[in-house]
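Only the coordinates and a few stated rules stand behind these numbers; no lab work does. This one's a predicted model, so the numbers in the text were calculated from it and none came from an experiment. Note that we place each Cβ from the backbone using ideal geometry, even for glycine, and neighbour counts take in every protein chain shown.
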Amino acid sequence: MRTCGVEITGSDVLLCILTKDNDVFDIRDVRQTRFTLGDGNDTEVMRKFQFDFRKLMQDYQIDSVAIKERQPKGKFAGSAKGFKMETAIQLIEELDVQIFSATTIKEQLKRNPLPIEFEDTGLKKFQENAFISAYVYLMRKTYKQDQA
């Protein structure tokens, strides 16, 4: 199983590619760990983002994406750009895209704690939530738990 964990913050999409084969996890090096949505014609910018994201997923043979859900309102609300990027990812037909709430992530980590301290993964700090999202997706797939 090969999945891409995603965290969307502001106009950035932060990535971490994680694979699991025979109960062994592997964090993949990836040429791009972040997409930043530029300014300009909204439609053209979104199409370019979707094309570039799809291409990265194809190049690394990713079949699933796990996104950490953002709040629609309140102090930690996601931006309009962020919701557009999330939608653009969800509309890529060949990907299984799952969105996990903070509660779902917390419950899954309680059931299946991370097998390694994040600091020991070699990833950058900004990739932590993307890594956790990918891990949660893989654990839910492994144990065939219903998607929340």
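Counting alpha carbon pairs within less than 8 Å and at least 6 residues apart, what relative contact order, in whole percent, applies to the chain? Reported relative contact order: 33 percent. In a DSSP loop and with at most 16 other Cβ atoms within 10 Å, the chymotrypsin sites (Phe, Trp or Tyr not before Pro) in the range 75-114 are 76. Charged side chains reduced to their Cβ positions (Lys and Arg at +1, Asp and Glu at -1) give the range 21-66 a dipole of some 220 debye around its Cα centre. Working from Cα positions, state the angle (0 to 90°, nearest 10) between the long axis of helix 42-59 and the longest principal axis of the chain. The angle comes out at about 30 degrees.
The angle between the Cα long axis of helix 128-142 and the longest principal axis of the Cα atoms of the chain comes to about 60 degrees, rounded to the nearest 10. Answer rounded, prolate or oblate for the range 83-148, using the Cα gyration tensor with square roots of eigenvalues a ≥ b ≥ c: rounded when a/c is under 1.5, else prolate when a/b is larger than b/c, else oblate. Taking the square roots of the gyration eigenvalues as a ≥ b ≥ c, the range 83-148 is oblate. The charge dipole of the chain, taken about its Cα centre with unit charges on the Cβ atoms of Lys, Arg (+1), Asp and Glu (-1) only, comes to about 380 debye. Computed 3J(HN,Hα) for the range 83-97, one whole-Hz value per residue from the Karplus formula 6.51 cos²θ - 1.76 cosθ + 1.60 where θ = phi - 60°, is 5, 5, 5, 4, 5, 4, 5, 4, 7, 7, 4, 7, 10, 8, 9, glycine and proline marked x. Listed by chain and number, the lysines placed with their C-alpha closer than 19 angstrom to that of residue 110 are 68, 141, 144; residues fewer than eight positions away on the same chain are left out.
For the chain, the mean projected area of the C-alpha convex hull, equal to one quarter of the hull surface, is 9.0 nm².
Counting neighbouring Cβ atoms within 10 Å and putting the fewest first, the residues 135, 143 line up as 143, 135.
For the range 19-52, trypsin sites (Lys or Arg not before Pro) are listed when DSSP marks them as loop and at most 10 other Cβ atoms sit within 10 Å of their Cβ; the list is 31. Between the exposed loop cleavage positions of the chain, defined as GluC sites (Glu not before Pro) in a non-H, G, I, E, B DSSP state with at most 13 neighbouring beta-carbon atoms within 10 angstrom, the longest gap is 1-92. Applying both filters, DSSP loop and at most 14 other Cβ atoms within 10 Å, to the trypsin sites (Lys or Arg not before Pro) of the range 102-148 gives 124, 144. Under 18 Å from the Cα of residue 125, which aspartates and glutamates turn up, not counting those fewer than eight places away in the same chain? Filter leaves 7, 12, 26, 29, 117.
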